[in-house]
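In what follows, a structure is listed as structure tokens, so that the remarks can point back to it.
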Amino acid sequence: ITSNDFQYEPNDKTDKYIWRYLSSANLIQVNAFENEINLGLRAINRLNKISDALSKKRVVLIKEKLKSKIVTKEDCNYLFERVDIDGASQKEIAFALKREVSDLFALIGGEFNGKAILTLVISDELIESKSFNAAILLKDIAKEIKGGGGGQPFFATAGGTYIDGLPQAFIKAKELVG
């Protein structure tokens with residue numbers, strides 16, 4: 001150990017003993033700090049698991065609420081609803097609805113982090129019988145939110161910057177499907 005005021009060099013048995021003692025005392029402090037960090041990390045992991053479980057429950061509750069708003073018209077089940085949630089949750093809800101509801105055309109849209117998000121899911125039955133294509137339809141609908149998107153015939157997503165265009169996006173979707 002050196003400093004401007006003094007210099008210390010362990011060179012005899014007593015000094016080495018003191019040096020080892022000080023070093024081990026320092027390690028004890030480091031271990032205690034590491035234990036506190038590990039406790040904090042475990043607490044964060046538990047909170048993340050709780051948060052994930054609550055998010056999944058929230059998605060299920062929103063899906064059930066949306067399911068109750070489905071309107072049947074001419075052998076089609078339509079849903080046009082605004083839900084201000086993230087895109088991943090919109091997707092999860094859309095696929096759950098597609099699994100549970102036949103002849104489904106569902107457009108879910110909302111605002112998340114200052115952006116407009118649209119999610120469109122169409123059942124295989126409607127793709128066959130009505131020649132709907134989610135990617136093509138949503139590309140046109142997304143113009144209302146000054147955005148773009150893409151996907152597949154049964155599922156598409158879009159994002160845009162014009163949140164105030166969401167109501168018009170729903171109107172346009174209704175016009176496109178008749």
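Around the Cα centre of region 87-148, unit charges on the Cβ atoms of Lys, Arg, Asp and Glu (plus for the first two, minus for the last two) sum to a dipole of about 300 debye. Computing FRET efficiency as 1/(1 + (r/R0)^6) for residue 176 and residue 56, where r is the C-beta to C-beta distance and R0 is 25 Å, gives about 0.20.
Spacing of the modelled spin labels on residue 48 and residue 36, each 7 Å from Cα toward Cβ, amounts to 2.2 nm. The label point for residue 129 and the one for residue 143, both projected 7 Å from the Cα toward the Cβ, are 2.9 nm apart. On full extension, the segment bounded by residue 65 and residue 162 gains 32.3 nm, given 0.36 nm per residue less the C-alpha separation. The trypsin sites (Lys or Arg not before Pro) of region 37-136 that DSSP puts in a loop, and whose beta carbon has at most 11 other beta carbons within 10 Å, are 69.
Antiparallel beta bridges, as assigned by DSSP with both residues in region 56-137, represent about 65 percent of the total such bridges. When 128, 34 are compared by accessible surface with a 1.4 Å probe, the order from highest to lowest is 128, 34.
Averaging Cα coordinates gives a centre for region 131-169 and one for region 32-63; these two points are 34 Å apart.
The values are calculated or read from the model by the stated rules, or taken from the named source; none is laboratory data. Given the structure is predicted, the values throughout are model-derived calculations rather than measurements. Cβ coordinates were reconstructed from backbone atoms using ideal geometry, including for glycine residues, and neighbour counts include every protein chain displayed. These area figures cover heavy atoms from the full protein model, side chains too; ligands, DNA and RNA do not enter into them. Shrake-Rupley method; radii C 1.70, N 1.55, O 1.52, S 1.80 Å.
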